[in-house]
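The values are calculated or read from the model by the stated rules, or taken from the named source; none is laboratory data. In this text, all values refer to a predicted model and were calculated from it rather than measured experimentally. We place every Cβ from the backbone using ideal geometry, glycine too, and count neighbours over all the protein chains shown.
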């Protein structure tokens, strides 16, 4: 608890004393018509219709199905199990008091997150028509992946008004055939499209090159070069903007290669679980902390007013190129609400080799720590985002402390052995989070395959605890290292 207090004091010190560097300020949008945006918990269409659509287009589809009473049932079962466990440890004194109270806090946090996330619904707007521009930065991507990504953009039920592709100096392919095909198809679809090739300056500069090509748009959507949008993705992701306070909307990213091997399956379970638990929870509070670059929408004013800051971010005197998605989300959060649309899906190729997975996670954790400092520094102290960041760092410390004490210190030094709760509690949390994963219907996986992924959710929890949390700490320690760790050759293919 002393360390948690020190973390809080350190965050307050950063807030009060650290004034140099970026100039950002909170300017909250205020909308008069706050009750205009409704949510429903019914799917956009039927699974049969979505399956037929996938077969016709050759592109995958996804639907968020209602969870029904499952979240509430899991919480009730969890409460019963927690009470039984509390009685057991109280009678036999098998655990230290601080450990029991720490488990209590973690249980309450997970239960609240699960309930609020489980009853998240898709937002239905008021029928506004938005001019949407899509920005696609491209670097050393498999040409077949690029074609599938662009085909998905061109086959949207609500097509964008503009698409701007920027090849950031790829060294493995010139994409001449892909560019010519895309420009022709966009013209047929009456979509204004550009394709630029620039010197290699990084993803942010590529996005800005595309942003400056926008002729007339209300919103811009970020898409990664390996993302395939569900055919309803753009239609769905603009709906929350009916609320004038909403500045950005996050989509949900699914791994298209989740059946490739065990690492890909576990990564998909972890990533989707994070989106449909933690991000869904924060969306209910209007304070999504980070959008995924594979599918996110913003009001154009958010980037227009912050271009210089976006392109020239620095940390410890070094230029920052990664963590672009979280910086855009921070811009949006400083101006209003940031939410998630659970019915807007994109499919992306996730790492299926350890080396690729390691570089991705290391980059994410370094960026996460830097962005956490910016949130502490610029978000209001009385905002949900500020306290989520503080408690997030506390949670990392508590979980690591529990692991070291229960799994290493007790058996090796004290000689008491590893208590069953050290394994059972994380596994139970993993199963609870996995319940949200199987709520997503996909045209490219069967029900039995989704159940296999649910069974693997405890393995995903152990992977997070044993591998990713230490890597997160390593990312904090080495946050001053600005290497992008990006691919110098094609790493994922459509095969």
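For segment 114-130, check the following and say yes or no: at least one residue is within 23 Å of the chain's Cα centre (by Cα), within 22 Å of residue 211 (Cβ to Cβ) and in the same structural domain as residue 244 (by the TED database). Within segment 114-130, none of the residues are within 23 Å of the chain's Cα centre (by Cα), within 22 Å of residue 211 (Cβ to Cβ) and in the same structural domain as residue 244 (by the TED database).
For segment 258-274, the condition of being within 22 Å of residue 136 (Cα to Cα) and surrounded by 23 or more Cβ atoms within 10 Å (Cβ to Cβ) holds for none of the residues. Remark: residue 320 matches the filter, which requires a residue to be in contact with a strand residue (DSSP E or B) (Cβ under 7 Å, 6 or more places away or on another chain) and surrounded by fewer than 24 Cβ atoms within 10 Å (Cβ to Cβ).
Here's the yes/no breakdown for (1) in the same structural domain as residue 146 (by the TED database); (2) under 27 Å from residue 256 (Cα atoms); (3) surrounded by 15 or more Cβ atoms within 10 Å (Cβ to Cβ):
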position	(1), (2), (3)
345	yes, yes, yes
354	yes, yes, no
365	yes, yes, yes
413	no, no, no
425	no, no, yes
432	no, yes, yes
438	no, yes, yes
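For residue 392, the requirement of being on the phi > 0 side of the Ramachandran plot and either under 16 Å from the mean Cα position of the chain (by Cα) or free of Cβ contacts under 8 Å to residues at least 40 places away in the same chain (or both) is not met. Out of 307, 376, report the one residue that is touching a residue at least 40 places away in the same chain (Cβ under 8 Å), in contact with a helix residue (DSSP H, G or I) (Cβ under 8 Å, 6 or more places away or on another chain) and crowded, with 20+ Cβ neighbours inside 10 Å. Criteria check complete, one pass: 376. In this structure, residue 114 does not satisfy being modelled with pLDDT of 80 or more, within 30 Å of residue 229 (Cβ to Cβ) and not in a helix (DSSP H, G or I). All of 75, 109, 105, 79 fail the test of being surrounded by fewer than 17 Cβ atoms within 10 Å (Cβ to Cβ), under 21 Å from residue 437 (Cα atoms), in contact with a helix residue (DSSP H, G or I) (Cβ under 9 Å, 6 or more places away or on another chain) and not assigned by the TED database to the domain that holds residue 202, apart from 109.
Looking at segment 1-92, the helices (runs of 4 or more DSSP H) lying wholly inside it that each contain 1 or more residues that are at pLDDT 85 or above sit at 2-17, 47-57.
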